[in-house]
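Undergrad: Shown below is the structure under consideration.
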Amino acid sequence: MKNLCILGSTGSIGTQTLDIVRAYPDRYSAYALCAHRSIDKLIEQAREFQPEVVCIADESLYEPLKNALADMPVKVWVGADAIAEVVTMPSIDVVVASMVGYAGLRPTIEAIQAGKTIALANKETLVVAGEIICDLAVKHHTPILPVDSEHSAIFQSLVGEDRSEIEKILLTASGGPFRTFSLEQMRSVTAADALKHPNWQMGAKITIDSASMMNKGFEVIEAKWLFGVPVEKVQVLVHPQSIVHSAVQFTDGAIKAQLGAPDMRLPIQYALSFPERLKSDFPRADLFALKDLTFEEPDLKRFPNLGLAYEAMRRGGNIPCVLNAANEVANLAFREGRCGFLQMSDIISETMNKAAFIAKPTYENYVETDKEARKIAESLL
Ligand code: MN
C-alpha cells in the first residue's frame, strides 16, 4: 500500500490520480489532499477518500473547509507553509506534484528533501530550478518519475537502456488548435479559441501554454533535466494525431517509442506503479483505424515561444526562471483578455532581456528572480 499526497488534487491531474486510487484501493491511499481554492471539490474528495489531512492554499477558505468537515476525523490545514509541511509527513510514500506553475516549486523541494518519491506533473518546477531539483534528488536518493505524457513515453522507452546511448530525444507535440493558422489569423484569436485543444482535456493554464507552444518549450527543458541530455539533443516533432507520445533514438540508429490513445491516466498510473504495469480499461489506440501518423517541423515564426525556451537554456542561470514567470503573467493576461495571443511572446522575450542575469542562482535567487520578472512582465502589459 502506497500513501499518496496529491498536490493539486482538484485539478485535472489530481482528479485523474484519484480515479486510479479508486480503481486500486488495495494499492493506493489518498493520505493527503491539497488544493488551491476549489473548496467544494475538495470537500467531496475528502468525504469519498477519507484522507488523514486536507490542505487548502487560500487562507480565506480555512473556516468554511473546517466547518464542512467538522464531523470527520480529518486534519484541516491552510496556507503555503502547511503545504510545504504536509509533503514531509512520515506516512507519505509518494508526492504527486500536480500544482500549477511556480507555486509547485517549494513543496516539491521539501518533498525531495524528505526522501519522498515524486510523481512529477508540475513541469514548471524543472523549468525554474532544474539544477537544484536534480542535485537534491541525487543527494536524497529521491526518484522523480514523470507524469507528463511525453516524458512518460521517453521514460518507458528508456527502461533497460543506458542513458549514455541516447543520440536524440524525439519529443512530439500535437501542434494545438492553431497548428494550421496563419500569423494573420493568430493575431485575433481569443482565449476561448485557444481553450479548444484538439486532443487533450487539461486545465486552462496548460491549455493556453499548449496553444502557444510554450508548453512544448517547457517540455524540452523538462526532458533535459529528467534524462540528462542537452537541449540540442531534444528535437520537437509536430504530430497532430497524438498517438506517438514521444520516442528515443539511440546511437545505433534504433528508435523506441511509446504509443497509445491520448489519456493522461496511463502516464499517471505508470508513475505510481513503476516498475510494474497494472491492468486498465483505458481506451486502446486502434492501429487499424489510424489512417496516417504524420510528423512536421515546428514553425518558430508562428510559435516563437519554442525558440525562447531553447534560448533561455542557452543563456542558462536564472533565465529559464524568468521565462516561466513572464509566461505565467502573459498567460493569465491573455486568459483575462488583457493581452493578445502573439503579444504573449513579445512580453516574455522582452522580460528575458530586461531581467538581471544571475549565473549560479540559489533558491533565494530564484524567489527574487520570479518576483522581479513578474513585475517587469506586468509593466509591459
Ligand atoms: Mn505533455
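Bear in mind that the values in this text are calculations on the coordinates, not laboratory data. Please read all numbers here as calculations on a predicted model, not as lab measurements. All Cβ positions, glycine included, derive from the backbone under ideal geometry; neighbour counts span all protein chains shown.
Undergrad: For the residue pair N353 and T88, what label-to-label distance in nm results when each label sits 7 Å from Cα along the Cα-to-beta-carbon direction?
TA: Computed distance between label sites N353 and T88 equals 4.3 nm.
Undergrad: A further question follows. State the Cα centre-to-centre distance between the stretch 139-184 and the stretch 1-64 in whole Å.
TA: 27 Å
Undergrad: Sort by residue number and report every cysteine in the chain with no other cysteine beta carbon within a distance under 4.7 Å.
TA: Flagged as lacking a Cys partner: C5, C134, C321, C339.
Undergrad: According to a simple spin-label model (label point 7 Å from Cα along Cα-to-Cβ), what is the distance in nm between D299 and Q113?
TA: 4.7 nm
Undergrad: Going 7 Å from the Cα of V138 toward and past its Cβ, which residues in the stretch 159-174 have a backbone nitrogen under 16 Å from where you end up?
TA: 163-164
Undergrad: Among K116/K139; K205/K301; K216/K354, which pairs are too far apart, with a Cα-Cα distance over 18 Å?
TA: K205/K301; K216/K354
Undergrad: As an exercise, use a Förster radius of 35 Å and the Cβ-Cβ distance of D26 and A191 to find the FRET efficiency, rounded to the nearest 0.05.
TA: 0.25
Undergrad: Right, next: Evaluate the relative contact order of the chain (contact order divided by residue number), counting alpha-carbon pairs under 8 angstrom at least 6 apart; express in whole percent.
TA: Worked out over the chain, it gives 14 percent.
Undergrad: Compute the Rg to Rh ratio over the stretch 151-315 from the alpha carbon atoms, using the Kirkwood formula for Rh, and round to two decimal places.
TA: When Rh is taken as the Kirkwood radius, the ratio is 0.96.
Undergrad: Related question: Expressed as a whole number of Å, what is the distance separating the alpha-carbon centroids of the stretch 296-334 and the stretch 208-264?
TA: 16 Å
Undergrad: Count the net charge of all other residues whose Cβ sits under 15 Å from the Cβ of K139, scoring Lys and Arg as +1 and Asp and Glu as -1.
TA: Residues close to K139 contribute a combined charge of -2.
Undergrad: Another question, then. What does the charge count near T180 come to, summing +1 for each Lys or Arg and -1 for each Asp or Glu among other residues with Cβ under 11 Å from its Cβ? All intermediate terms of the calculation are to be shown ahead of the outcome.
TA: Details: positive: R179, R302; negative: E296, D299.
Residues close to T180 contribute a combined charge of 0.
Undergrad: Sort 295-301, 209-215 by the packing proxy (mean of other Cβ within 10 Å over each peptide's residues), most packed first.
TA: Order by mean packing, descending: 209-215, 295-301.
Undergrad: Which percentage, to the nearest 5, of the DSSP beta bridges contained in the chain is antiparallel?
TA: 25 percent
Undergrad: Kindly provide the helix-only [θ] at 222 nm of the chain, computed as the sum of -39,500 (n - 2.57) over DSSP H runs of four or more divided by all residues, to the nearest 500 deg cm²/dmol?
TA: After summing the helix terms and dividing by the residues of the chain, the value is -13500 deg cm²/dmol.
Undergrad: While we're here: What number in nm² do you get for the chain if you take the convex hull of its Cα atoms and divide its surface by four?
TA: Details: hull surface 74.8 nm².
Directional mean of the projected Cα hull area for the chain stands at 18.7 nm².
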